[in-house]
Amino acid sequence: LPPPWVPGPPLNIGTIALDPENSQTVWMSIAMAGSPSVFMSSDGGLHWQDVHDFQAFFVATAANPGSTGGDVFVDPRNSSRIYSCCTNTLGAQAHGVFRSEDGGKTWTAGSAGFSNPPVLDPAAPATLYAPGNALGRSTDEGQTWTTLPQSPLAPNGIAGNLAVDPSGGLYQIFDYGTLLKSQDGGTTWTAVTG
């Protein structure tokens with residue numbers, strides 16, 4: 001990936017995602033400066049094919065937003081729906097989500113407006129949340145985004161990872177160890193202690 005005899009820069013692998021209906025189908029995001037891509041394997045990772053090259057300068061990873069890398073994830077209820085995030089054009093900080101409805105054959109670009117790769121709500125797969133001090137929410141598969149009010153419980157610090165449980169509950173950690181939970185899509189939050 002590519003074969004070792006091909007000279008070139010090392011690959012920057014963003015994330016790997018499994019098809020929830022067929023674990024032999026594996027998705028991987030690759031971020032080469034100027035040419036981020038999504039690769040797919042139908043044999044459990046033995047062979048790979050480049051299914052799409054994005055016309056973007058680079059993509060951001062969940063681990064390192066705003067830098068090279070990539071994020072790819074699969075809708076748990078519809079394995080033909082694949083997401084890749086986030087685009088960033090040269091000289092701009094406009095991020096967006098790409099979505100495929102046909103298993104990676106064609107891709108649609110979502111709107112920009114957030115800086116961190118989103119998390120899919122398994123209870124409502126059309127809903128995505130973009131973590132950050134100002135939480136972003138999309139209820140139309142990344143086509144449009146709204147910014148939710150910041151919780152008064154959020155500390156003055158940097159928002160970290162966001163997780164969504166199977167019932168749609170949100171959990172977000174902050175850099176000083178504060179964990180907040182929301183059961184209403186990020187409208188209200190409670191602090192988790194213990």
If Lys and Arg each add +1 and Asp and Glu each add -1, what is the summed charge of the other residues whose beta carbon sits under 14 Å from the beta carbon of G142? -3
Of M40, M28, which has the most accessible area with a 1.4 Å probe, and how do the rest follow in descending order? M40, M28
Computed accessible area, T147, all protein chains, 1.4 angstrom probe, square angstrom: 100
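Which length gain, in nm to one decimal place, applies between L11 and Q24 when the Cα-Cα distance is subtracted from 0.36 nm times their residue separation? Let's see the in-between values first.
Details: separation 13, 0.36 × 13 = 4.68 nm, distance 2.21 nm.
That works out to 2.5 nm of additional length.
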Amide N of the range 145-173 lying under 15 Å from the label point, which is placed 7 angstrom from the Cα of A191 along Cα→Cβ: 151-157, 172-173
Taking all protein chains together and a probe of 1.4 Å, list E141, E21, E101 from the most accessible to the least accessible. E21, E101, E141
Any idea which of P155, T144, P166 is furthest toward the positive side of the dipole for the range 113-190, if Lys and Arg beta-carbons carry +1 and Asp and Glu beta-carbons -1? P155
Scattering profile of the range 97-194 at q = 0.12 Å⁻¹ [log10 I(q)/I(0), Debye over alpha-carbon scatterers]: -0.38
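The values are calculated or read from the model by the stated rules, or taken from the named source; none is laboratory data. Here the structure is a predicted model, which is why all the values come from computation and not from measurement. As a convention, Cβ positions derive from the backbone with ideal geometry for all residues, glycine included, and neighbour counts pool all protein chains shown. Calculation scope for accessible area: heavy atoms of the full protein, side chains included, ligands and nucleic acids excluded. Shrake-Rupley method; radii C 1.70, N 1.55, O 1.52, S 1.80 Å.
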